[in-house]
Every structure is written in C-alpha cells, then in structure tokens.
1. Select from segment 71-96 the residues that are within 17 Å of R2 (Cβ to Cβ) and in a loop (DSSP other than H, G, I, E, B) and write down the one among them that is most open to solvent (accessible area, probe 1.4 Å).
2. Take G59 and tell me if it is loosely packed, with under 14 Cβ neighbours inside 10 Å, closer than 19 Å to P26 by Cβ and not basic (K, R).
3. Within segment 58-65, does at least one residue satisfy the condition of being touching a strand residue (DSSP E or B) at 6+ places or on another chain (Cβ under 7 Å), farther than 20 Å from V92 by Cβ and not polar (S, T, N, Q)?
4. Using the structure shown, decide if T68 is outside any loop (DSSP other than H, G, I, E, B), surrounded by fewer than 17 Cβ atoms within 10 Å (Cβ to Cβ) and under 15 Å from the mean Cα position of the chain (by Cα).
5. List pairs: first in segment 85-96 and closer than 13 Å to L14 by Cβ, second among the basic types (K, R) and surrounded by 12 or more Cβ atoms within 10 Å (Cβ to Cβ), Cβ under 7 Å, 6+ apart or cross-chain?
6. Could you list, in sequence order, all residues of segment 17-47 that are outside any loop (DSSP other than H, G, I, E, B), over 15 Å from V92 (Cβ atoms) and in contact with a His (Cβ under 9 Å, 6 or more places away or on another chain)?
7. Since K46 meets every condition but one in (1) of a type outside the set (A, V, I, L, M); (2) in contact (Cβ under 8 Å) with a residue 12 or more places away in the chain; (3) in contact with a strand residue (DSSP E or B) (Cβ under 7 Å, 6 or more places away or on another chain), which condition does it not meet?
Amino acid sequence: ARLTAEPDPMGGVLVRVDADGFTFGPPQDTHASGKGHAHLYVDGEKVARMYGPVHHLDGLAPGSREITAVLSTHDHRLYASGGETVRARATVDVPR
C-alpha cells in the first residue's frame, strides 16, 4: 500500500491510499476478499475510517505529523502480507 498526505490549500490535509488488489467500499456485514476500508491514524492515534481512497483531515495541530493507514476487512480483520500488517505511512508538515 502507498499513502500520500498533502496540505489542502483550502485547509486541512488530503490523504490518498493506493493499494494494488484492494477495493475500498462501504461497511458490510460479510467478508469479501480484497475489499474493505482503512483505519487512519495521526501520530499513532486512530482518527477515522476510510471507505474510499481519498480522505480529508481537518483540525490537525501545526507541525510534522505522521499519517498511517492500515487496511482492514469489512469485519475488521487486518490484512497481512508476508506475516506483516498491510499499512502505509507518510509524514506531512501541517502549516499554521
């Protein structure tokens, strides 16, 4: 998985997650292989779920922030590859 995080000129931060073979979608009651959502963290604290590949974050404190996305199945099991949880990280400088 790959993550980009950039300041939005209108305020906040735009986060984009690209993951080969993974499809974002709305919550469902059943597991579907290769589909799900991402749990989004800022500096290690969970702040949102991503049901699509792009998410807008507001209210981040100015300064350097680490953004992490962890891919999850619809029933909240974490996707893994080679024994490692599928995640992506990026650092963004949030302007004042």
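The values are calculated or read from the model by the stated rules, or taken from the named source; none is laboratory data. Please read all numbers here as calculations on a predicted model, not as lab measurements. Note that we place each Cβ from the backbone using ideal geometry, even for glycine, and neighbour counts take in every protein chain shown. To get the accessible areas, we keep the full protein, side chains included, count just its heavy atoms, and leave off ligands, DNA and RNA. Shrake-Rupley method; radii C 1.70, N 1.55, O 1.52, S 1.80 Å.
1. Looking at the filtered set, the residue picked out is G82.
2. So G59 does not fit the description; no.
3. Within segment 58-65 (the criterion being touching a strand residue (DSSP E or B) at 6+ places or on another chain (Cβ under 7 Å), farther than 20 Å from V92 by Cβ and not polar (S, T, N, Q)), the answer is no, since none of the residues qualifies.
4. For T68, the condition - outside any loop (DSSP other than H, G, I, E, B), surrounded by fewer than 17 Cβ atoms within 10 Å (Cβ to Cβ) and under 15 Å from the mean Cα position of the chain (by Cα) - is not met.
5. If the second residue must be among the basic types (K, R) and surrounded by 12 or more Cβ atoms within 10 Å (Cβ to Cβ), the pairs left are V92/R65; V94/R65.
6. Correct list: F24, K35, G36, H37, A38, H39, K46.
7. Going through (1) of a type outside the set (A, V, I, L, M); (2) in contact (Cβ under 8 Å) with a residue 12 or more places away in the chain; (3) in contact with a strand residue (DSSP E or B) (Cβ under 7 Å, 6 or more places away or on another chain) one by one, K46 breaks only (2).
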